[in-house]
1. Compute the angle between helix 307-316 and the longest alpha-carbon principal axis of the chain, please, reported from 0 to 90 degrees and rounded to the nearest 10.
2. What whole-number value in Å² describes the accessible area per residue of the chain for a 1.4 Å probe?
3. With respect to the cross-link table entries LYS145/LYS276; LYS167/LYS190; LYS24/LYS368, which display a Cα-Cα separation exceeding 19 Å?
4. How big is the Cα convex hull of the range 33-87 in projection, averaged over all directions, in nm²?
5. On a 0 to 90° scale, report how tilted helix 132-141 is relative to the longest principal axis of the chain, with both axes built from alpha carbons and the result rounded to the nearest 10.
6. GLU172 to LYS296: extension gain in nm, 0.36 nm per residue of separation minus the Cα-Cα distance?
7. Classify the range 376-466 as rounded, prolate or oblate, taking a ≥ b ≥ c as the square roots of the eigenvalues of its Cα gyration tensor: rounded when a/c is under 1.5, otherwise prolate if a/b is larger than b/c and oblate if not.
8. Sequence gap at least 6, Cα distance under 8 Å: using those rules, report the relative contact order of the range 24-171 to the nearest whole percent.
Amino acid sequence: MAKKNFKTVKKSKQKLTEQVTMEKLTGLCKRRGFIFPACEVYGGFANAYSYGPYGVELKNNLKKLWWKKFVQDRADMVGIDGPIILHPKLWEASGHTTGFSDAMVDCKKCKKRFRADHLVEELTGEDMEGELERMTQTLKELKAKCPECGAFDWTEARDFNMMFETKMNGIEGEVYLRPETAGAIFVEFKNILDSMRVKIPFGIAQIGKAFRNEIVAGNFTFRLREFEQMEIEYFIDPKMEWKKIYDQWLDQQEEFILEVGAEKRNLRRYEHPKAKLSHYSKKTVDIEYRFPFGFKELFGLANRTDFDLSQHSKFSNEKLEYFDPVKNRRYIPHVLEPTFGMDRTILVALLAAYREEKVEQGERVVLKFPKHIAPIKAAIFPLLKNKPELVKKAKQIFDSLKNRFVLEFDDHGNIGKRYRRQDEIGTPYCITVDFDTLKDKTVTIRDRDSMRQERVKINDIEQYISE
Ligand code: ATP
């Protein structure tokens with residue numbers, strides 16, 4: 001929960017100067033089956049999106065990459081998968097029921113609702129998150145115009161709680177859809193201690209959906225009301241030197257997004273000013289990415305001290321402590337919380353991969369994903385779809401490789417069009433079966449990035465792609 005981390009530093013408004021714009025990217029995502037506006041047949045709904053066939057492959061690859069890097073490859077990490085609907089008391093303990101809010105303001109003329117802090121930041125470059133009075137005053141003083149209708153007649157800025165409420169059979173009162181995944185981790189702290197052989201420092205990781213009733217969703221999948229997070233709670237000894245571990249986590253968070261294809265020059269760190277840190281945080285840093293709409297938060301890292309475990313201990317009457325048998329000490333651990341947004345990671349992967357290039361045949365759009373995250377690793381084409389012997393051979397090759405790689409079989413249109421489609425979905429290799437294949441058992445493999453074509457023996461394809 002970063003809502004109470006007020007920021008006051010003026011932020012520069014650098015924009016991504018590359019060819020990619022959000023219009024181009026959203027167009028490509030829809031045209032090529034990555035991301036669709038959800039419920040379009042009903043006119044769309046609440047800025048929600050569906051991941052299409054390539055989007056879901058990309059998402060799964062990114063989840064796997066994250067899980068491997070932060071859970072499977074590390075001896076000090078374990079994973080869980082907790083429920084979305086959790087005990088309502090949990091949200092009281094964590095402070096969400098009373099404090100998880102954003103500032104909203106309505107235009108009195110057109111009745112449209114906005115994030116007050118965002119309007120003010122647009123005008124002044126200052127982040128006044130949490131300072132309702134100043135926001136109201138600033139909007140008045142600067143005669144801020146409504147982005148919708150141009151009027152300047154605002155209501156007062158006021159807090160709006162972003163938790164999604166719902167009802168549940170057999171439970172009195174409201175229950176909530178979790179606004180972040182972290183809560184589900186803290187309540188399993190004791191079970192992890194009891195069932196696993198973890199020793200401090202250790203972390204618990206989780207990937208899952210979170211729900212926030214955002215006042216304004218937008219910028220494509222950057223701000224959604226239903227989104228996915230990848231979160232870690234990393235438990236440390238309060239007497240430990242935490243700053244070094246903290247910096248290592250920041251480095252690893254950046255390392256992850258670089259592995260997804262981001263360039264270092266499009267990343268920056270933003271430390272929340274000490275004076276405005278929320279009561280539980282010793283230090284909070286956002287990792288920001290230069291989106292086409294400016295530098296915005298991608299990931300975050302907070303030192304949340306013993307706030308969460310102490311609160312859950314207090315509200316549940318369960319001791320949430322750790323016993324160190326070597327030092328013979330019992331204590332409530334402190335926690336570092338690296339948090340990653342899945343949907344923003346996907347957006348960065350797409351933005352960073354997008355290229356428009358001049359080629360012999362004119363221009364091409366290509367998604368130059370790092371190969372390990374590409375949704376489809378290779379496409380297999382019979383040169384002509386009406387030649388059964390070519391189709392049969394191509395299908396045989398498909399079957400011989402399908403257990404190793406995610407493949408696509410395509411026999412539509414001419415080869416040029418098939419290449420164009422595979423470039424636009426970022427497929428590293430296209431394999432064409434032609435008449436020579438039937439004679440000499442070789443295929444043409446075309447490389448996405450260099451566009452070079454090579455003859456490769458059928459038996460060597462697997463190794464060629466793996467390398
Ligand atoms: P923001 O300031 O952009 O609202 P936040 O500070 O509220 O983000 P956190 O509470 O720190 O975000 O959530 C952790 C991560 O979850 C963020 O770094 C971001 O990647 C992702 N995230 C948060 N809110 C949304 C959202 N509405 N849509 C998509 N991803 C989100």
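1. 70
2. Values: 22500 Å² over 467 residues.
Per-residue accessible area for the chain comes out at 48 Å².
3. Numbers: LYS145/LYS276 28 Å; LYS167/LYS190 28 Å; LYS24/LYS368 15 Å.
Over 19 Å apart, Cα to Cα: LYS145/LYS276; LYS167/LYS190.
4. On the way: hull surface 23.8 nm².
Approximately 6.0 nm², given one-decimal rounding.
5. 70
6. Numbers: separation 124, 0.36 × 124 = 44.64 nm, distance 3.94 nm.
Result for the pair: 40.7 nm of gain on full extension.
7. Values: a/c = 1.37, a/b = 1.12, b/c = 1.22.
Cα axes put the range 376-466 in the rounded bin.
8. On the way: 151 pairs, mean separation 25.8, N = 148.
Averaging sequence separation for qualifying contacts and normalising by length gives 17 percent for the range 24-171.
The values are calculated or read from the model by the stated rules, or taken from the named source; none is laboratory data. In this text, all values refer to a predicted model and were calculated from it rather than measured experimentally. Note that we place each Cβ from the backbone using ideal geometry, even for glycine, and neighbour counts take in every protein chain shown. Please note that ligands, DNA and RNA were not included when accessible areas were found on the heavy atoms of the full protein model with its side chains. Shrake-Rupley method; radii C 1.70, N 1.55, O 1.52, S 1.80 Å.
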